[in-house]
Amino acid sequence: MSEPTTETTAGSVSDLPDILQTGRCRSEDVIGLFDRLDPVDLPFMTGLWKGREITAGHPQDGILEAARWYGKEFENPDSVHPLLHEDRHGRLFRVRPRPWLVWLSLQMPVLKSPLLRPLTRMTVSLLRTRRSQARLRMMEYRGVVTATMIYDHLPIHDHFRRVNDQTVLGLMDQKGIGMPFPFLLQKIAPEHSPVPERPDP
């Protein structure tokens, strides 16, 4: 990460502790912070990552939490699992992102409500897969080349910048949406990995 700074402008690195603690900020602040962080390369992203949404006024705020999203897994540049979710027993499973699911998350914010969360989670559980659903490439975003996750079936790119050796800040750039969706990823050591779903018999 960039050297500590005493800047007080919106999106300065000094804002990071508040964002980490609250999980909330203005969109312009998190974009400003992203621009001040260093890029990452492809090997840096290899492994299992625990995700956390940052609430910043995006239309999809809260939908990942409602669906019990866990994070992402990067096996190699051509084998990426962008949506890992937890079942009610804490076991992880991989999800096939589908355009209609993204459409629902934008058009029906009621799916994030506590009352409908069971329905949201059940719908996601029906999209289980074992196949890779994305790839990882170095791409330019906001003037800097950095590791970027490209969905196989969605017009979405996730761009990453380094917070520290175990944490990255991501911005999801989706075609047709005028603002990015921010999130944090924290690398999980193999010995601390959650229980995976049971293999097929």
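Since every read-out is calculated from the coordinates, none of them should be taken as a lab result. Please read these numbers as outputs of a predicted model, since none were measured by experiment.
Once every Cα of region 13-189 carries one equal point scatterer and solvent is ignored, give the base-10 log of I(q)/I(0) from the Debye formula at q = 0.15 Å⁻¹, two decimals.
The Cα Debye sum returns log10 ratios of -0.84.
In whole Hz and in residue order, list the ³J(HN,Hα) couplings for region 120-136 that follow from phi through the Karplus curve 6.51 cos²θ - 1.76 cosθ + 1.60, θ = phi - 60°; x for Gly and Pro.
Here the 3J(HN,Hα) series is 4, 5, 5, 4, 4, 5, 7, 9, 4, 8, 10, 8, 4, 10, 6, 9, 10 Hz.
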